[in-house]
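See below for the structure under consideration.
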Amino acid sequence: MAKVDESVANLDVCGRFCGSCPTYAANNLKNGKPSLLFCGRGGSLKAPEGKKEGCNCPKCGVHTRYKLTGDYYCMK
Ligand code: SF4
Ligand code: SF4
């Protein structure tokens, strides 16, 4: 699996897909670390008490471009 670059373009895409995700809202991941690009940076520090409410990753362009196969990267 290719390493996901922490580029401005990838952050922008992630902001649209993670940013509109019910899990992101339910767990206030915007105020956690990292706050985006979990597929490249690793899961949120909020993951241990996190609730899974749906995941937009499989619809995201970064997911397609890097041939990712997983989901819920924020909760790993
Ligand atoms: S990694 Fe998946 S579940 Fe987590 S905020 Fe992003 S789209 Fe939602
Ligand atoms: S695959 Fe998920 S975590 Fe990675 S950029 Fe897309 S929405 Fe964000």
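In degrees, nearest 10, range 0 to 90: what is the angle between the Cα axis of helix 8-17 and the longest Cα principal axis of the chain? Tilt relative to the chain: about 50 degrees.
Where in segment 6-76 are there GluC sites (Glu not before Pro) that are in a DSSP coil and have at most 13 other Cβ atoms within 10 angstrom of their Cβ?
Working: sites: GLU6, GLU49, GLU53; in loops: GLU6, GLU53.
The qualifying sites are GLU6, GLU53.
Taking one quarter of the surface of the C-alpha convex hull of the chain gives a mean projected area of 4.2 nm².
Given 0.36 nm per residue, what is the gain on full extension from LYS76 to LYS52 after removing their alpha carbon distance, in nm? Each step should come with its number before you reach the end.
Numbers: separation 24, 0.36 × 24 = 8.64 nm, distance 1.12 nm.
Fully extending the segment from LYS76 to LYS52 adds 7.5 nm.
3J(HN,Hα) along segment 69-76, derived from phi through the Karplus expression 6.51 cos²θ - 1.76 cosθ + 1.60 where θ = phi - 60°, amounts to 10, x, 8, 6, 4, 5, 9, 8 Hz, with x in place of Gly and Pro.
Quick note: the coordinates plus some simple rules give every number you see, no bench work behind them. All values reported here derive from a predicted model rather than from experimental measurement. Ideal geometry is used to build each Cβ from the backbone, glycine not excepted, and the neighbour counts take in all protein chains shown.
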